[in-house]
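The values are calculated or read from the model by the stated rules, or taken from the named source; none is laboratory data. Treat the numbers as computed from the prediction; the structure is a model and nothing was measured. Glycine gets a Cβ as well: all are built from the backbone with ideal geometry, and neighbour counts include every protein chain shown. When the accessible area is computed, the model is the full protein with side chains, heavy atoms only, and any ligands, DNA or RNA have been set aside. Shrake-Rupley method; radii C 1.70, N 1.55, O 1.52, S 1.80 Å.
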Amino acid sequence: MADIRIKGRLVNAIRISLDTNDHDAIRQQLSPMLQKSFPPGVLVVIESSVEQELIALIQLLISLEAQPIAVTEGLLGDQARAIQFPVIPQDRPLQEVKATKEQVVEVKPEPAAEQQTENQVAETTPAVAHITSYHDEILRTGQCLVQHQGDIILTAGINSGSEVIASGNIHIYGSVRGRVIAGAGGNIAARIFCHSLEAELVSIAGTYCVADDIPQHVTKKPVHIYLNDNQELVFEALQF
C-alpha cells in the first residue's frame, strides 16, 4: 500500500485587494470588516495595486486573526517568491453585461426653506434615488450583472462561474448556480429570492455562505435569504 495519497479539495478563502500601503489605514478599515463578516483564522489571498512590504503585511493580517495563504501574481510576486510564499495566477476578469432594461426612480432634492423660490425649485436637477435592473437572459459562465444603486430582477437563471451583484435586493426566477451578492456596500436590509438554489456563494452585506455550507433542506428549492438580528444568513424555503 502506498504511503502517500493525493486528494483534491476546494479551499474557501477570501481575497483582500489593497490600494494603499499605509498599514495603519489598512488595520483601521480591515479590522471591523473581518470581525463582522468572517470567523477567526479565515484564509486570505492578498492582491495589491501598490508596492507593499509583504512580510509586514502578512504579520499585520495575522494580528487581525486572518491567515494569509498566498498573493496573486503582480506587484507582490517577487517578494513572495523570495520568501517562498505561494503566488497564484490572477482571476480571469468577468465580462460585465448590460441589463435588458432599467427602471429609474428619481427625486428632486429640496433647497433650504429660505432659498425655495419658484425658479429654484423648477431648476433643481433630479437625483437618482433607486434603479431596478431587469434581465431576461441566462447569465452565462464568465459573465456578471452589477447594479450599485438598487435591485436586480432576473427572469432566467445564472450558470456556475457567473456573478450577480446589487446594492439592494436580488430576485432570480430560475436556477442559481453562480455567485449572488446582495446588499453590496453594507445594506443589511437587502434580501435574495430565487427559484432554485444551487449557488456557489450567496452573500448579503458582506456575510456570506459557500456551497458546502448552504443548508441541504433548501438546496434546489425556492428560497428567501436574509439577515437576522445577529447578522446571520437565514435560508427560508418558500412554499407555492
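Tabulated data
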item	result
Qualifying positions in the stretch 7-49 - modelled with pLDDT of 90 or more, within 24 Å of Gly183 (Cβ to Cβ) and in a helix (DSSP H, G or I)	Ile26, Gln28, Gln29, Leu30, Ser31
Residue within the stretch 203-215 that is open to solvent by 50 Å² or more (accessible area, probe 1.4 Å), part of a strand (DSSP E or B), in contact (Cβ under 8 Å) with a residue 12 or more places away in the chain and not aliphatic (A, V, I, L, M) present	yes
Number of the condition not met by Gly157 [criteria: (1) open to solvent by less than 40 Å² (accessible area, probe 1.4 Å); (2) free of Cβ contacts under 8 Å to residues at least 60 places away in the same chain; (3) in contact with a helix residue (DSSP H, G or I) (Cβ under 9 Å, 6 or more places away or on another chain)]	(3)
The stretch 217-229 residues that are modelled with pLDDT of 95 or more, paired with ones that are among the aliphatic types (A, V, I, L, M) and in a loop (DSSP other than H, G, I, E, B) (beta carbon under 6 Å, 6 or more apart)	Pro222/Leu238; His224/Leu238
For Phe235: the one exception among (1) surrounded by fewer than 18 Cβ atoms within 10 Å (Cβ to Cβ); (2) assigned to a strand (DSSP E or B)	(1)
Scan of the stretch 72-101 for residues that are touching a residue at least 12 places away in the same chain (Cβ under 8 Å), at negative phi and open to solvent by less than 70 Å² (accessible area, probe 1.4 Å), ordered by number	Thr72, Leu76, Gln79, Ala80, Phe85, Pro86, Val87, Ile88, Leu94, Val97, Ala99
Gln52 open to solvent by less than 100 Å² (accessible area, probe 1.4 Å), at pLDDT 90 or above and within 19 Å of Ala13 (Cβ to Cβ)	yes
Meets criteria (under 23 Å from Glu102 (Cβ atoms), of a type outside the set (D, E, K, R) and either surrounded by fewer than 19 Cβ atoms within 10 Å (Cβ to Cβ) or in contact with an Asp or Glu (Cβ under 7 Å, 6 or more places away or on another chain) (or both)) for Cys194	no
Single residue of Gly174, Gly168 found to be assigned to a loop (DSSP other than H, G, I, E, B) and open to solvent by less than 50 Å² (accessible area, probe 1.4 Å)	Gly168
Failed criterion for Asn21 (all others in (1) touching a residue at least 40 places away in the same chain (Cβ under 8 Å); (2) over 30 Å from Val202 (Cβ atoms) hold)	(1)
